[in-house]
Each structure stands twice: as structure tokens, then as C-alpha cells.
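Colleague: Let me begin by handing over the structure; questions about it come next.
The values are calculated or read from the model by the stated rules, or taken from the named source; none is laboratory data. A quick note: this is a predicted structure, and the numbers were derived from the prediction, not measured. Quick reminder, even Gly has a Cβ in these numbers, built from the backbone with ideal geometry, and neighbours come from all protein chains shown. Heads up: the accessible areas ignore ligands, DNA and RNA and are worked out on the full protein's heavy atoms, side chains in. Shrake-Rupley method; radii C 1.70, N 1.55, O 1.52, S 1.80 Å.
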Amino acid sequence: MSRTFMGWPTFPKAAETATADEQLRANVRRATHTIRDKRAALVDERPDWQDLRDTAAALKDEVLAHLDTYLEQIEEKVTAAGGTVHWAVDAEEANRIVTGLVQATGETEIVKVKSMLTEEIGLDGALAEAGISARETDLAATIVQLGDDLPSHVVVPALHRNRSEIRDIFVREMGRYGRPAPADLSDDPAELAEAARLHMREKFLKAKVAVSGANFMVAETGTLCIVESEGNGRMCLTLADTLISVVGIEKVVPTWQDLEVYLQVLARSATGERMAPYTSTWTGVTDGDGPRAFHLVLVDNGRTRALADPVGRQALRCIRCGACMNICPVYERTGGQAYGSVYPGPIGAILNPLLKGPDDPQTASLPYASSLCGACNEVCPVKIRFTDVLLKLRHDVAEGDAKVKHRAEKAALKAVEGVMERGPLWNAAVKAAGVAGRVLPADMALPGPLHGWTDSRALPDIPKESFRSWWKRTEGGTK
């Protein structure tokens, strides 16, 4: 995959293009509504659902409050089990470590389990520059890679594609990278899945090196856990001679008993299933079973920056279920690529600015990519208060670096402040607004930079009489 989110337009520009794509909007709406309806039905089965959410949030907060201790425990347990732990402060260091580990094996093609973190750090591109081909094995990730596309959802990266588009990609591209798709391949889901299975089977059997992420790391034993729906993850985790797992430092859970909580909420929230079809765990290396070498690369890449934010740190609770995206009215209309990151939707609107800082030009617009309806708060299995973080980040952007300050907005608010501080001026402005409301048409387009408001909204009715005038005329409503 050669495409990257580097240089992607800011959300307002990307969203303008995305909302004009009717096929994209139809694909996204169909997929998100299907998943969220399944989720709602399975959540209703659990009378203890809110208790599970409370517990999941509390456990994550405990980990974040003592993250250094848990990470040292992870390193100790993984090392004792025969693995090797590497630490990466940023994407560049993580890519350098992984590239070096693969080069040391002499292999030039590896297989991967779907990982948002490796997408975040641009690992595939870094490996390609070193002459190493990294082939995705998850069905949706394979569709994205073969189509030289970008992911649009954390659980279903190819959610923006329909099955006819997928069929065309398979027929056109599979033969360039291994076993070709049948020439008479239809867009029947079963046929598409079979074509992908046969194509990937060759990769699994040949690959000597596999790269994965992890959904969770259990501190008490140094165990890593991946949940998935297709079995490709287990093939990568068990068949390769060398396994390299690249994991964010926030993915820790304290004990096996704690892992149980997340396995109950993740599948229901992510895919509308009672449990994931494949839950794979591994601890270091074992003679005669699985990989002969295991490397764990622990990646920061802005996570300690997010941890230092007293409001924003709750975003690090995220278990990447995608429920917030499936319920979000903004995501439904723009799709995921408009966010310019592998983390789209409400979680992307808060996580990207937290990881990169509010002065990043691309992420500065993301806290505004929300209606603040709060639906994401209600579905999040770890009880992230998205709206609280969004409002805090909007404040950070408004008060941040001069390069991204909304100068026109600040000037306008300063002018309004000056008028409101002066009673006679304010009263005159209110009276003028009442007069204007009688003559302005409801479908009027505002001039200049204000046109963005009326492009998709009608002007609200302006009262003919101000509250103060009404109060004075009626003596507080008594006349």
C-alpha cells in the first residue's frame, strides 16, 4: 500500500468532498446501521451491562494511574517467558526497530495481523523502503491494501467499499501479489471470502516472519491477546518462526480476571457478537510450539502526552471497538477517511489531537467534527466522555499556537464582547436584530466567511421583541 494520510486535507475540506459522494454515504450508512443494530440487541441481553462498563472504565483508570509499574511488570514477565522487549518513543523508532528485526531474519516478505498501531506509525511504508513486502491477512485490511486505499474504520477498515467494488479489486490486483482471483469471480460474499482465503493460504504457509498488534497485554503473566473473526490472526501467530508484536503502551490489563471483563464487552460493541470467534493468547516462546522468537515492541508515540492531560487521558481507555463510529451522525455522513487518520469518528476526533498536540494543523479541526449529541458517550463500553474531551480540546485549539488560532472568530468575539460591555450599544444591537428579523428571508445566505452556517442550515426566526422589552412592557409577565 503506497497511500498515506500524510498531507491529507483538514477535516472541513475532506468532509466537503466525502458528503458529496452518494455511494460512499450509502455504503457507510448500510454498514454502520447493521453493526449498531446487532450490538443493541446483544447489549439488551445483559442486565449487568452498565456494571461491566463501570468495571471496564475503572480498571483502565487504575492502569493509567500506575502505567509505569504495569509496563515494568510486562517487561519482566515477557523476558522471563523467553521474549524480548523493545521500547519505542515514537513512530520513527518503532519502525526502525521492526525493520531491523525483520532484516536480521533475512526475509523479504512477511505477513501481518490487522493492527491500527502499525497503520498509525506507517510501518508498511517503512518496511517497503527497506525492500520488505508486508502482506495484510485480515480480509478487510487485504481489501484496503490491494486497492491501494486507506482504512476508514478501526474494526472494518474497508467499510466504505461495497461487494461489487471488492470483486473488481480482487480480480484486478490479486494476481500481482500471489494467487490470482478466479476470472469469473462474482460479488457473492462467500465467493469473495473463498478467493481471499486461497490467496492468503499461500502467504501463511510461506511466511517465516509475522507482525501483529495486540488487543490486550496481561501484566501478571506477560500474556498478549488478540481477538478476531477470521482465523488469520491465529495462522500468523502460530505458523511463523519469528513473531513481532507492536503494541501501544496503554493496552495493559492487570490480571487474567480483568481480561474477562473486556472480552465480554469488546465483541458485543465491535461486531454485535456474544464473543469473538477467535481469541488467541500467547506468552513468550515454547519449545516445539509456535514461533521460535518473540519480540514485543512497546510504543509511546504521543501516549504519554495524552496521559498528562487530566481530561483527555480517558481516551486511552479505548479498546478500539468502533461503537462510537457506528452511532455518530458525523461519521455516517463523511466516512472515516475524512478524519485524515487511522482513528476516525469520535475517538479519532479526540485521540489524534491528544497524541499530536492541539497545534497540529491537521488535527486542530477534529474537535469540531462533532455535533456534541453525546450518543458516543452512551455506547462506549469503557465510558469515555467524548463530549467533555471535545470541549476541552476546542478550548486548547482556541487558546493554542498562533498558527492554528481562529483569528477571524477571535476578532468577531472580541467585537461582540465590546458591544455587550456597553449597555446602550447592546440595547441598540438587540433592537436592530428585531427589525432585521422582520425583513430577512428564512432562506437567506449569510455573506463572507459566515456562509458556511447557511450552506446547510436555515436562519432561525429572530424574535420581534427582546426579552428586556417584553419584561418592561409586561412588568415581568404580570400584565
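Colleague: Given the DSSP H assignment, sum -39500 (n - 2.57) over each helix run of at least 4 residues in the chain and divide by its residue total; what's the result at 222 nm in deg cm²/dmol, nearest 500? Spell out each step's value before the answer.
Modeller: Working: 22 runs with 240 residues, N = 479.
After summing the helix terms and dividing by residue count, I get -15000 deg cm²/dmol.
Colleague: Below 8 Å between Cα atoms, with a sequence gap of 6+, how large is the relative contact order for region 162-300 in percent?
Modeller: 24 percent
Colleague: Would you kindly derive the ³J(HN,Hα) couplings of region 221-230 from the backbone phi angles with the Karplus curve 6.51 cos²θ - 1.76 cosθ + 1.60 (θ = phi - 60°), listing them in order in whole Hz, with x for Gly and Pro?
Modeller: Whole-Hz 3J(HN,Hα) from phi for region 221-230: 10, x, 8, 9, 9, 10, 10, 7, 10, 10.
Colleague: So for region 163-279: antiparallel DSSP bridges make up what percent, rounded to the nearest 5?
Modeller: Numbers: 5 of 11 bridges.
In region 163-279, approximately 45 percent of DSSP beta bridges are antiparallel ones.
Colleague: Where Lys and Arg each count +1 and Asp and Glu each count -1, what net charge lies around ASP168 among other residues with Cβ under 12 Å from its Cβ? All intermediate terms of the calculation are to be shown ahead of the outcome.
Modeller: On the way: positive: ARG161, ARG163, ARG167, ARG172; negative: GLU165, GLU173, ASP187.
Net of charged neighbours comes to +1.
Colleague: May I have the extent of the alpha carbons of region 175-316 along their three principal axes, as whole Å values ordered from largest to smallest?
Modeller: Dimensions of region 175-316 along the principal axes of its Cα atoms: 56, 37, 29 Å.
Colleague: Beta carbons within 10 angstrom, averaged per residue: use that to sort the peptides 356-365, 330-339, 300-309, highest first.
Modeller: Details: 356-365: 20.0, 330-339: 24.3, 300-309: 18.4.
So the peptides 356-365, 330-339, 300-309, ranked by packing, come out 330-339, 356-365, 300-309.
Colleague: Moving to a separate point now. Exceeding 24 Å between C-alpha atoms, which entries from my cross-link table qualify? They are LYS38/LYS251; LYS77/LYS251; LYS392/LYS464; LYS38/LYS203; LYS112/LYS356. Write out the running numbers ahead of the final one.
Modeller: Details: LYS38/LYS251 26 Å; LYS77/LYS251 15 Å; LYS392/LYS464 36 Å; LYS38/LYS203 33 Å; LYS112/LYS356 26 Å.
Where the Cα-Cα span goes over 24 Å, the pairs concerned are LYS38/LYS251; LYS392/LYS464; LYS38/LYS203; LYS112/LYS356.
Colleague: Quick one: helix 386-398 against the long Cα principal axis of the chain, what's the angle to the nearest 10°, folded into 0 to 90?
Modeller: 70 degrees
Colleague: Calculate how many DSSP beta bridges within the chain are antiparallel, expressed in % of all such bridges and rounded to the nearest 5. Can you show the working numbers first?
Modeller: Numbers: 9 of 33 bridges.
About 25 percent, rounded to the nearest 5.
Colleague: Same structure again: Between region 136-177 and region 9-72, how far is it from one alpha carbon centroid to the other, in angstrom?
Modeller: The distance from the Cα centre of region 136-177 to that of region 9-72 comes to 22 Å.
Colleague: Let me ask you something else. Can you send over the carbon and sulfur percentage of the accessible area for the chain, probe radius 1.4 Å, protein chains only? Numbers along the way, then the final one.
Modeller: Details: 12260 of 22710 Å².
So the carbon and sulfur contribution to the accessible surface is 54 percent.
Colleague: Now, a different point. Report the full-extension gain for the segment THR478 to ALA308: residue separation times 0.36 nm, less the Cα-Cα distance, to one decimal in nm.
Modeller: Details: separation 170, 0.36 × 170 = 61.20 nm, distance 5.41 nm.
That pair, THR478 and ALA308, stretches by 55.8 nm at full extension.
Colleague: When you take every Cα atom in the chain, what is the radius of gyration, and what is Dmax, the widest Cα pair distance, in Å?
Modeller: Taking only Cα atoms of the chain, I get Rg and Dmax of 25.6, 91 Å.
Colleague: Considering all alpha-carbon pairs of region 115-177, what whole percent are spaced by more than 16 angstrom?
Modeller: Details: 867 of 1953 pairs.
Everything past 16 Å amounts to 44 percent.
Colleague: May I ask you to give the solvent-accessible area per residue for the chain, in square angstrom, as obtained with a 1.4 angstrom probe?
Modeller: Numbers: 22710 Å² over 479 residues.
Per-residue value: 47 Å².
Colleague: Let me ask something else. Using alpha carbons only, how many degrees (0 to 90, rounded to 10) separate the axis of helix 49-65 from the longest principal axis of the chain?
Modeller: The angle comes out near 80 degrees.
Colleague: Angle check, please: helix 423-439 long axis (alpha carbons) against the longest principal axis of the chain (alpha carbons), in degrees 0 to 90, nearest 10.
Modeller: Its long axis makes an angle of about 80 degrees.
Colleague: Still on this structure, I have one more. Which residues' amide hydrogens lie under 5 Å from the amide hydrogen of THR223, considering only partners 5 or more residues apart or on another chain, with H built in the peptide plane?
Modeller: VAL218
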